[in-house]
Amino acid sequence: KEVDLKDRKGKTPLSRAAEKGQDNCVALLLDRPDVDANSRDDDRKTPLALAAENGRESTIKLLLGCSRVDVNPRDKNGKTPLALAVEYGQEGAVK
C-alpha cells in the first residue's frame with residue numbers, strides 16, 4: 001500500500017509524522033483503517049516509539065487513543081516506548 005510506503009530508513013508516513021509531532025497528519029493517517037499503526041522502521045521502532053523518544057506528548061496521546069496501536073512493542077534493542085522516553089529524558093512523555 002502506498003500509504004505505508006517506507007523510505008530508505010524503513011519509516012512510513014505515519015512514522016515520520018509521529019517522529020516530528022505532526023499531529024494533524026497523524027490523526028488523518030490513523031483515521032484510515034488501511035494504515036499500519038504499528039509499522040516498524042529499520043531499528044524496529046514503531047510510530048509510538050518514535051513519538052516517545054522525541055517527547056511528542058500530544059502525538060503520544062493521539063497514538064494511544066487508537067485501538068490498533070500496540071503500547072508495548074520492543075525495538076531491536078528490546079526497549080519499549082516508555083523505556084525510550086526515559087532514556088532520552090522526555091519527562092513529559094513519560095507522564
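The values are calculated or read from the model by the stated rules, or taken from the named source; none is laboratory data. All values derive from a computational prediction rather than experimental measurement. Here the Cβ positions follow ideal geometry from the backbone for every residue, glycine too, while neighbour counts run over all protein chains shown.
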**Q.** Pairs where the first residue, in the stretch 24-43, is farther than 14 Å from L63 by Cβ and the second is small (G, A, S) and not in a loop (DSSP other than H, G, I, E, B), C-beta under 6 Å, 6+ apart
**A.** D41/S15
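Just to be sure before I move on: is A27 more than 24 Å from Y88 (Cα to Cα) and in a helix (DSSP H, G or I) in the structure I sent?
Values: more than 24 Å from Y88 (Cα to Cα): yes; in a helix (DSSP H, G or I): yes.
The answer is yes for A27.
Which residues, counting only those in the stretch 37-63, are β-branched (V, I, T) and closer than 12 Å to L14 by Cα? Lay out the reasoning, then the answer.
Taking the stretch 37-63 and keeping what is β-branched (V, I, T), we get 46, 59-60.
T46, T59 - these are the residues of the stretch 37-63 that are β-branched (V, I, T) and closer than 12 Å to L14 by Cα.
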(Q) On the basis of being surrounded by 15 or more Cβ atoms within 10 Å (Cβ to Cβ), among the aliphatic types (A, V, I, L, M) and in a helix (DSSP H, G or I), does A37 make the cut? (A) no
Q.
Pairs needed: first member in the stretch 2-19, under 18 Å from G55 (Cα atoms); second member anywhere, β-branched (V, I, T) and surrounded by 17 or more Cβ atoms within 10 Å (Cβ to Cβ); C-beta distance under 7 Å; at least 6 residues apart or different chains.
A. L14/V26; L14/V35; A17/V26; A18/V26; A18/T59
Q) For the subset of the stretch 67-95 comprising residues that are over 30 Å from D34 (Cβ atoms) and assigned to a helix (DSSP H, G or I), which member is modelled with the lowest pLDDT? A) V94
Q) Mind checking which residues of the stretch 40-60 are part of a loop (DSSP other than H, G, I, E, B), over 15 Å from G89 (Cβ atoms) and either acidic (D, E) or over 8 Å from the mean Cα position of the chain (by Cα) (or both)? A) R40, D41, D42, D43, R44
Q.
What pairs come out if I take residues in the stretch 74-88 that are more than 16 Å from I60 (Cα to Cα) and pair them with residues that are at pLDDT below 90 and hydrophobic (A, V, I, L, M, F, W, C) whose C-beta lies under 8 Å away, six or more apart or interchain?
A. D75/L84
Q. For the stretch 51-69, which residues satisfy the criterion of being exposed (fewer than 14 other Cβ atoms within 10 Å of the Cβ) and not polar (S, T, N, Q)?
A. K61, L64, G65, R68
